[in-house]
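Inspection log for the structure reproduced underneath, given as structure tokens.
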Amino acid sequence: MRKILSYLITLTIVCSCVDAPSKTKPESKQWNAIKRVQYLNNRKDSTTWDQEKLKDDKQFIGIGDFGPFELGAFPVPNYNLIGEGSFKGLATLYEELKWENKNIIMNGFSVGKNQLNKDRLKNSKDEVFFQILVLTDTIDTINYKLNQSIVISRNHPDYLGQGFIKTKNNRIDYLAFQTAENNAYAIVNTRLFDLNYGKTILIAPQKDKSLKSLQIKSTPMTTDSIKSHTQKLLLDKEIIEFLKKKKNI
């Protein structure tokens, strides 16, 4: 079993019942529409750009496959223009799970507590904004080329992660992002998910090469709790029924 938990300071490569979300979120003191406009203006203002980050990012151009989108090297405003301490790192979480006679790959993305989200996170040191569990019929324990993922901070204070998982007859591509306004969305093989309705997505590739999905809304996850959270998920009756479908691979 391979398990990776890496905190990322800038950009690091790491090779149901549904409740309605709350109404429009009130603007916080840390982030509001005025600051969003200023952030967009800084993107156009070359005097605000972090040249060191741009130089670093150019090294990643064309280095490999890390999901549905090629890695881009864009100039980005200095993170501290958002505020001192406004960025405290990202994490990607990965685990290969054996469930009964099936293999499941789990990947998740999280963001650390910072000046923009501290009121929402309260006593938590971070929050997982996306988790995917993919049923698979093949595991590569030698080269690990059947799955890759990456999480990046270059849209700070918005964050994006992406990856892929290959089965014998499918490739599951996924991308998820969270904004400073605490909106979060994911795309899995062109299916769109509003993560305000649940941050956990289960994907079951079918024998006919189609896909089935299940979105789960549960208690907030952290990097420390995601393992126990996943174990509880795999004991849930609805999830067990979903994973045991006869047409699944």
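The values are calculated or read from the model by the stated rules, or taken from the named source; none is laboratory data. Quick caveat, the model's predicted, so the values are computed rather than measured. Heads up, the Cβs are rebuilt from the backbone with ideal geometry, glycines too, and the neighbour counts pull from every protein chain shown. Ligands, DNA and RNA are stripped out before the accessible areas are found, and what is left, the full protein with its side chains, is counted by its heavy atoms. Shrake-Rupley method; radii C 1.70, N 1.55, O 1.52, S 1.80 Å.
Around the amide H of residue 148, modelled in the peptide plane, lie the amide H atoms of 164, all under 5 Å away and 5 or more residues distant in sequence or on another chain.
3J(HN,Hα) couplings calculated from phi for region 155-168 with the Karplus curve 6.51 cos²θ - 1.76 cosθ + 1.60 (θ = phi - 60°) are, in sequence order, 9, 2, x, 9, 10, 9, x, 8, x, 8, 9, 9, 9, 5 Hz; Gly and Pro show x. For the chain, the alpha-carbon coordinates run over 58, 41, 29 Å along the three principal axes, in decreasing order.
Mind scanning 102/125; 58/102; 209/237 and naming the pairs with a C-alpha gap bigger than 29 Å? Numbers along the way, then the final one.
Details: 102/125 33 Å; 58/102 40 Å; 209/237 25 Å.
102/125; 58/102, as the Cα separations exceed 29 Å there.
How would region 50-131 be classified by its alpha-carbon gyration tensor: rounded, prolate or oblate, with rounded meaning a/c under 1.5 and the a/b versus b/c comparison settling the rest? Verdict is oblate for region 50-131. Based on DSSP H runs of at least 4 residues, each adding -39500 (n - 2.57), what is the mean residue ellipticity at 222 nm of the chain after dividing by all its residues, to the nearest 500 deg cm²/dmol? Mean residue ellipticity at 222 nm (helix-derived): -4000 deg cm²/dmol. By accessible area, using a 1.4 Å probe on protein heavy atoms only, the chain has 53% of its surface on carbon and sulfur.
Within region 97-205, the trypsin sites (Lys or Arg not before Pro) that combine a DSSP coil assignment with at most 16 other C-beta atoms in a 10 angstrom radius are 122, 125, 145, 168.
Projecting the Cα positions of 82, 204, 192 onto the charge dipole of the chain (unit charges on Cβ atoms of Lys, Arg, Asp and Glu, taken about the Cα centre) puts 204 furthest along the positive direction.
Relative to its Kirkwood radius, the Cα radius of gyration of region 74-190 gives an Rg/Rh of 1.04. Rolling a 1.4 Å probe across the protein heavy atoms gives the chain an accessible surface of 53 Å² per residue.
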